[in-house]
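The structure appears below as structure tokens.
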Amino acid sequence: MRTRTVGLVTGDLANPFYAWLAKGIERALRPQGMQLTIASSDEDPERERRLLDELIDRGVSAIIVVTTQPQRTVQDAAQRGIPVVFVDRAPIGADADAVVIDNAGGARRAAEHLVAHGHRRIGYIGDLPGLPTHTERLDGFREGLLGAGIGTAGLLLHEGAHDAASAERAARDMLALPEPPTALFGGNNLITVGCLGAIRADRPETALLGFDDFELAPALGISVVAADPVRMGEIAVELALRGGEARGHGAVRRVLPALLRARGSAEVAPA
């Protein structure tokens, strides 16, 4: 028997992006008289598998997931007739509905913006290399540098920062180089927070631009490129609740734009 519950499995509950995503899901479920249950995989495929099995066994009405293993998720849920919607990360190798961000386009805008303000030596602090969001953002950023006519020779890259602490360490190492970058780009909101800590401690004149917004960014004047995670959650519920109907028409892919929000931190010329 199905419950009036939708399950959400995220990668990391410490990331405020997922709190806003959950807010959007709850907002859309409330008028339907439905509830949300949330769990975090901590980017562990085995933990994710156990969480999904538990949700399926509990008879949830649908599953919304930020996944590390799209094919198995779809197969297991489909056997029980439970709709699955992927959010944030595209379901590579799986035919399923998804709501994702224009990661490449947003990162391309970020690169162009920094170049337009005179930056030629830019530090990119990126997320875990295996995440599709990281790959798409890095590719887009490189495309932006090439499109702006400066190439990638001045791009300093660090991958594998997944939280503020590791990002701050990586950023401080970059800023300590004999020729440090004049700007830093944070591959997600937690990384941007870490970059901010490094800049304030070591080189306050360094420009900063991040991907994804965070609560204090407007007050701190931090420029970002960002989509709307609340809207992402609302769209995910729309797709989940009409999953059976949509199945006959192929998978639905909704892409949210990542728009530039200039607040001052990136709009400074190199010192």
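The values are calculated or read from the model by the stated rules, or taken from the named source; none is laboratory data. Just so we're clear, the structure is a prediction, and the values are computed from it rather than from any experiment. When we count neighbours, we look across all protein chains shown, and the Cβ atoms used for this are built from the backbone with ideal geometry, even at glycine. Heavy atoms of the whole protein, side chains included, go into the accessibility calculation; ligands, DNA and RNA do not. Shrake-Rupley method; radii C 1.70, N 1.55, O 1.52, S 1.80 Å.
Per-residue answers, yes or no, for (1) of a type in the set (D, E, K, R); (2) surrounded by fewer than 19 Cβ atoms within 10 Å (Cβ to Cβ); (3) closer than 16 Å to Asn189 by Cα:
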residue: Ala90; (1), (2), (3): no, no, no
residue: Val99; (1), (2), (3): no, no, no
residue: Glu112; (1), (2), (3): yes, yes, no
residue: Arg120; (1), (2), (3): yes, yes, no
residue: Gly130; (1), (2), (3): no, yes, no
Checked region 163-210 for anything open to solvent by 20 Å² or more (accessible area, probe 1.4 Å) and among the hydroxyl-bearing types (Ser, Thr, Tyr); matches are Ser166, Thr182
Given (1) touching a Leu at 6+ places or on another chain (Cβ under 7 Å); (2) within 15 Å of Val268 (Cα to Cα), Glu205 misses just (1)
Scanning region 29-69 for residues that are in contact with a helix residue (DSSP H, G or I) (Cβ under 7 Å, 6 or more places away or on another chain) and of a type in the set (Ser, Thr, Tyr), the one most open to solvent (accessible area, probe 1.4 Å) turns out to be Thr68
Within region 1-22, restricting to residues that are in contact with a helix residue (DSSP H, G or I) (Cβ under 8 Å, 6 or more places away or on another chain), within 21 Å of Ala98 (Cβ to Cβ) and part of a helix (DSSP H, G or I), the one that is most open to solvent (accessible area, probe 1.4 Å) is Trp20
Among residues of region 151-162 being in contact with a strand residue (DSSP E or B) (Cβ under 9 Å, 6 or more places away or on another chain), open to solvent by less than 60 Å² (accessible area, probe 1.4 Å) and assigned to a loop (DSSP other than H, G, I, E, B), the residue farthest from Glu179 (Cα to Cα) is Ala161
### Message
Residues that are over 22 Å from the mean Cα position of the chain (by Cα) and either at pLDDT 95 or above or over 24 Å from Leu239 (Cα atoms) (or both): does region 124-147 have at least one?
### Response
yes
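Per-residue answers, yes or no, for (1) out of contact with any helix residue (DSSP H, G or I) (no Cβ under 6 Å at 6 or more places or on another chain); (2) of a type in the set (A, V, I, L, M):
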| residue | (1), (2) |
| --- | --- |
| Glu159 | yes, no |
| Ser166 | yes, no |
| Arg172 | no, no |
| Leu175 | no, yes |
| Leu190 | no, yes |
| Gly194 | no, no |
| Asp202 | no, no |
Expected single match for within 23 Å of the chain's Cα centre (by Cα) and among the β-branched types (Val, Ile, Thr) among Ile56, Ile63, Ile82 is Ile63
